[in-house]
1. Do we find a residue being more than 30 Å from Thr66 (Cα to Cα) and at pLDDT 85 or above anywhere in region 151-160?
2. Could you figure out which of (1) free of Cβ contacts under 8 Å to residues at least 12 places away in the same chain; (2) surrounded by 21 or more Cβ atoms within 10 Å (Cβ to Cβ) isn't true of Gln198?
3. Where in region 1-65 are the helices (runs of 4 or more DSSP H), entirely inside, with at least 3 residues that are in contact with a helix residue (DSSP H, G or I) (Cβ under 9 Å, 6 or more places away or on another chain), modelled with pLDDT under 85 and open to solvent by 70 Å² or more (accessible area, probe 1.4 Å)?
4. Do any helices (runs of 4 or more DSSP H) lying entirely in region 76-162 carry at least 1 residues that are under 22 Å from the mean Cα position of the chain (by Cα), and which ones are they?
5. I'd like to know if region 83-106 contains one or more residues that are modelled with pLDDT of 90 or more and closer than 13 Å to Ala259 by Cβ.
6. Failed condition for Leu82, given (1) open to solvent by 60 Å² or more (accessible area, probe 1.4 Å); (2) hydrophobic (A, V, I, L, M, F, W, C); (3) touching a residue at least 24 places away in the same chain (Cβ under 8 Å), with all others met?
7. Can you confirm whether region 41-55 contains a residue that is free of Cβ contacts under 8 Å to residues at least 12 places away in the same chain, closer than 25 Å to Val241 by Cβ and within 23 Å of the chain's Cα centre (by Cα)?
Amino acid sequence: MDSTWKSLRTYLLITPQTLVLLAFLVLPIAMIGVVSFWKFNGYAMIPAFSWENYQGIFTSQVTLNTYLNTFKYVVLVWAFCLAIAFPVAYFLAFNIERQSRRIILFLICTIPFWTSNIIRMISWIPVLGKEGLVNQALLGLGIVNQPVEWLLYSDFAIVLGMVHLYNFFMIAPIFNSLMRIDRDLITAAVDMGASGFQVLKEIILPLTAPGMAIGSIFVVTLVMGDYLTVRLMGGGQAASVGKLINTQIGSLQYPLAAANAVLLLAITLIVVVGILRVVDIRKEL
């Protein structure tokens, strides 16, 4: 009787979480999948089972180019975030001795999250615009004769904005991994004659790989679905799948938007699974 009650109690404890997961995650995704097979006649959605929306995605060169443009943003933002996050996390973990100072500097990294994404994006306009601070400095130093136009409303601005938004999602897990490394391992390696590069290659990087993987998952998933940064920093001159879906929803093309959402979700899951197959992150969780 006691064993039966314990087993039943376990199921009762997980029932609320399971119901919430089904109601607010599984069911909405399933509904999107269903709508992606419906038709749109220009005025209303028609319930059906048609591959027309998916065929339209794979046969449209504009849509395929939009997906490629999105992948370009993902790769660039991921690379820059990793290149910035690792040195910052390493500095906080190994070069700051006092715990209180380390915490303060780590909290400084969270300052951008004290404001909304829109405000953070708008704040770049007076910096990168034709009359912005950067162009004023370049003109004042005589480096250029006229304002540089590609600083704003360009791929450069979009990547910069995304790195600004999502870099902390890479810093935090890498910092957590670095703080878990036993310092005695590094001391022993140095005592045995290992160089700084060998310590980095053989000890620090392998032990930090799970944190890099978690940060990569965060950054990839966030950039994949981002449309606000593309719209504000691209000035309507750049495209991404997230912006494409937003535009299709605005024009009431829900089935086509749903098909793109399903395809984007599938691609994101494939990337995440690929990362998990390469790096085991269970020790970090």
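1. Looking for residues that are more than 30 Å from Thr66 (Cα to Cα) and at pLDDT 85 or above, one finds none in region 151-160, hence no.
2. Condition (2) is where Gln198 drops out.
3. Details: elements: 2-21, 27-35, 52-59.
In region 1-65, no matching helices (runs of 4 or more DSSP H) lie anywhere.
4. Hits in region 76-162: 99-108, 117-122.
5. Within region 83-106, not a single residue is modelled with pLDDT of 90 or more and closer than 13 Å to Ala259 by Cβ.
6. Looking at each condition in turn, Leu82 falls short on (1).
7. no
So that you can scan it fast, the table gives a plain yes or no per residue for (1) among the charged types (D, E, K, R); (2) farther than 14 Å from Lys72 by Cα; (3) modelled with pLDDT under 85; (4) under 19 Å from the mean Cα position of the chain (by Cα):
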| residue | (1), (2), (3), (4) |
| --- | --- |
| Val220 | no, no, no, yes |
| Leu232 | no, yes, no, yes |
| Thr247 | no, yes, no, no |
| Ile275 | no, yes, no, yes |
| Glu284 | yes, yes, yes, yes |
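The values are calculated or read from the model by the stated rules, or taken from the named source; none is laboratory data. Keep in mind that what you see is a predicted model, and the values were worked out from it rather than measured. Reconstructed Cβ throughout: ideal geometry from the backbone, glycine too, with neighbour counts over all protein chains shown. Only protein heavy atoms, including side chains, enter the accessible area calculation; ligands, DNA and RNA are left aside. Shrake-Rupley method; radii C 1.70, N 1.55, O 1.52, S 1.80 Å.
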